[in-house]
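Take a look at the structure below.
The values are calculated or read from the model by the stated rules, or taken from the named source; none is laboratory data. Here the structure is a predicted model, which means the values were calculated and not measured. Cβ: placed from backbone, ideal geometry, glycine included. Neighbour counts: every protein chain shown. Side chains are part of the model used for accessible areas, which takes the heavy atoms of the whole protein and leaves out ligands, DNA and RNA. Shrake-Rupley method; radii C 1.70, N 1.55, O 1.52, S 1.80 Å.
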Amino acid sequence: MKRQASLFAASPAAGVLDRLPLGVAVCNSARQIVYSNEKFRELASLECESALLVGKRLGEALSCLGAGLEVGGCGTSELCRSCGMAKALLASLTQPGMTHGECSVARQGNNKLESLDFRIWIWAMAYGGESFHAAILTDIRAEKRLALMERIFYHDILNMVSGMRGICELMREEEECARNAELELLAFAAERINDLILSQRDFSLAEHGEYDVASNKMGTLSLLSDVTGLMRREPSARGKNLVIDGDSADAFFISDRKLVTRILVNMQKNALEATKAGETVTVGCDLDDGFVRFWVRNPGLVPDEARPQIFRRAFSTKGAGRGLGTYGMKLFAENYLNGKVGFTSDAASGTLFFVRLPATKDA
């Protein structure tokens, strides 16, 4: 084992690995560490030379509480059966290629219980005529905490908005007719806030690959009418005309109604914001060989310099703090609905954004 450690310590790669922002450890066939870089020792909360970790297993080096539950050490306790690190290492022992996983390590550090969350990649490698396993670890504690805070935030704020909507309903039943107009505006505002929160929550889930797609049967013209009716009440529609093309197709298709609605809302909102007072935004729907295509046209022109960046996550022609609209449309349509989002823009016909979706779920 010491000979193996000396082999890696003398390698020119050791100096390079010490400068990486990711934790790196190399284990022998007995799962004992023979090399660790500076970042790995930082994750282990140790200010020491690599040699001091030689002979330890990964969980032992990271001070995992589960590593001390059995005489055999790391990898032998009941807790280790659900450990992402142990599973990834076992997979690398039995199959070719890189394996990966996530792991949470509970440990006693600085007289208090700590939790270390990390993502790990492990693969088998040969060096000096011997077999080893290289592991790369990245600290994802901040990522996990943010995800937890987001879940708590969405849960709590949706409960608050639900309470607001409930109060509106009670007031509708109890107040006199003279107050109904104000109540309708308040109820509409609460409904829009609820939709915006749900939209942002689903956007976050989609970016993490965690959104569950539903299957709903819808009518193209009915859906388009609902969305257009909603958007006519938006501040961005004031003084502008929002019309449905008279030749729009009326047919049924199957998709996730919530996602399709959000895509259409974003398309119409972007078009209205790019349109001057007195001008017209036209929306419509076509059928195309087993697909439905919703589109929105406005008389404006997308600048040449903006066109290559139009679907980038943080890009917007409307200034800082914007830019999720077109990116979100593409994310939902292409990553979850097997669709396609695109646009055309020229001086003669203005700007047209479209989303093309399968008419059936299996298309």
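In a residue-by-residue description of the range 46-67, the property of being at pLDDT 80 or above, surrounded by fewer than 16 Cβ atoms within 10 Å (Cβ to Cβ) and over 23 Å from residue 130 (Cα atoms) applies to no position.
Please tell me if residue 70 is surrounded by fewer than 20 Cβ atoms within 10 Å (Cβ to Cβ), in contact with a Gly (Cβ under 8 Å, 6 or more places away or on another chain) and not aliphatic (A, V, I, L, M). Considered against the rule, which asks whether it is surrounded by fewer than 20 Cβ atoms within 10 Å (Cβ to Cβ), in contact with a Gly (Cβ under 8 Å, 6 or more places away or on another chain) and not aliphatic (A, V, I, L, M), residue 70 comes out as no. Within the set 136, 120, the sole residue that is in contact with a Cys (Cβ under 8 Å, 6 or more places away or on another chain) and assigned to a strand (DSSP E or B) turns out to be 120. If you go through the range 297-312 and keep only what is among the small types (Gly, Ala, Ser) and in contact with a strand residue (DSSP E or B) (Cβ under 6 Å, 6 or more places away or on another chain), you end up with just 300. Scanning for something of a type in the set (D, E, K, R) and touching a helix residue (DSSP H, G or I) at 6+ places or on another chain (Cβ under 6 Å), does the range 65-75 turn up at least one residue? Among the residues of the range 65-75, not one is of a type in the set (D, E, K, R) and touching a helix residue (DSSP H, G or I) at 6+ places or on another chain (Cβ under 6 Å), which makes the answer no. Among the residues making up the range 63-113, those that are more than 21 Å from residue 53 (Cα to Cα) and in contact (Cβ under 8 Å) with a residue 40 or more places away in the chain are 92, 93.
Kindly check whether there is at least one residue in the range 125-146 that is within 23 Å of the chain's Cα centre (by Cα), open to solvent by less than 70 Å² (accessible area, probe 1.4 Å) and under 30 Å from residue 233 (Cα atoms). Checking the range 125-146: not a single residue is within 23 Å of the chain's Cα centre (by Cα), open to solvent by less than 70 Å² (accessible area, probe 1.4 Å) and under 30 Å from residue 233 (Cα atoms). For the range 200-302, the strands (runs of 3 or more DSSP E) that sit wholly inside it and include 2 or more residues that are under 17 Å from residue 326 (Cβ atoms) are 280-288, 291-298.
Among what's in the range 303-350 and is of a type in the set (A, V, I, L, M, F, W, C) and open to solvent by 80 Å² or more (accessible area, probe 1.4 Å), pick the residue that is modelled with the lowest pLDDT. My answer is 320.
Select from the range 230-244 the residues that are open to solvent by 60 Å² or more (accessible area, probe 1.4 Å) and within 13 Å of residue 267 (Cβ to Cβ) and list them in ascending order. Those that are open to solvent by 60 Å² or more (accessible area, probe 1.4 Å) and within 13 Å of residue 267 (Cβ to Cβ): none in the range 230-244. Taking into account only those residues within the range 351-363 that are open to solvent by less than 50 Å² (accessible area, probe 1.4 Å) and in a strand (DSSP E or B), which is farthest from residue 300 (Cα to Cα)? Here the answer is 358.
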